[in-house]
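Take a look at the structure set out below.
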Amino acid sequence: MPLISSFLGVLIYMFKETNSPHHKPHVHVVYAEYKMSIAADGEILAGSLPRKQQKAVEAWVALREDEINASWVALNENGEVIKIKGLES
């Protein structure tokens, strides 16, 4: 599970699809003991984070949607991990 970004103590990972394809490009977010999956279009697929971190992740996804989609394609087609900038302070 490659780490593709981090900011504010939030770690963002992307899994390569194996066996069966996922329905849409998404990332897995970890903050302390919290976990959440969020699609590149901003839909929360599972889990939750504390409000401050969730709002930051939602803003990051909105800013980086195209990069998330490109990273998804690169990982699943070529096994290439593309890092994505976090939120700037």
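The values are calculated or read from the model by the stated rules, or taken from the named source; none is laboratory data. Worth saying up front: this structure is predicted, and the values here are computed from it rather than measured. All Cβ positions, glycine included, derive from the backbone under ideal geometry; neighbour counts span all protein chains shown. All accessible areas refer to the heavy atoms of the entire protein, side chains included, with ligands and DNA or RNA removed. Shrake-Rupley method; radii C 1.70, N 1.55, O 1.52, S 1.80 Å.
For every residue, the table says whether it meets (1) of a type in the set (A, V, I, L, M); (2) over 9 Å from the mean Cα position of the chain (by Cα); (3) not in a strand (DSSP E or B).
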{"position": "Ser5", "(1), (2), (3)": "no, no, no"}
{"position": "Thr18", "(1), (2), (3)": "no, yes, yes"}
{"position": "Val27", "(1), (2), (3)": "yes, no, no"}
{"position": "Asp41", "(1), (2), (3)": "no, yes, yes"}
{"position": "Leu45", "(1), (2), (3)": "yes, yes, no"}
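Quick one: count up the residues across region 48-81 that are open to solvent by 50 Å² or more (accessible area, probe 1.4 Å) and either at pLDDT below 95 or touching a strand residue (DSSP E or B) at 6+ places or on another chain (Cβ under 7 Å) (or both).
The qualifying residues number 6.
Against the conditions (1) closer than 15 Å to Ile12 by Cβ; (2) free of Cβ contacts under 8 Å to residues at least 40 places away in the same chain; (3) of a type in the set (S, T, N, Q); (4) out of contact with any Ser or Thr (no Cβ under 9 Å at 6 or more places or on another chain), where does Gln54 fall short? Just the number, please.
It is condition (4) that Gln54 fails.
Just the residues that are within 12 Å of the chain's Cα centre (by Cα), touching a residue at least 60 places away in the same chain (Cβ under 8 Å) and part of a helix (DSSP H, G or I), please, taken from region 69-88.
Result: Ser71, single match.
Inside region 9-40, can you point out the residues that are at pLDDT 95 or above, touching a strand residue (DSSP E or B) at 6+ places or on another chain (Cβ under 9 Å) and open to solvent by 40 Å² or more (accessible area, probe 1.4 Å)?
Gly9, Leu11, Tyr13, His28, Tyr31, Tyr34, Lys35
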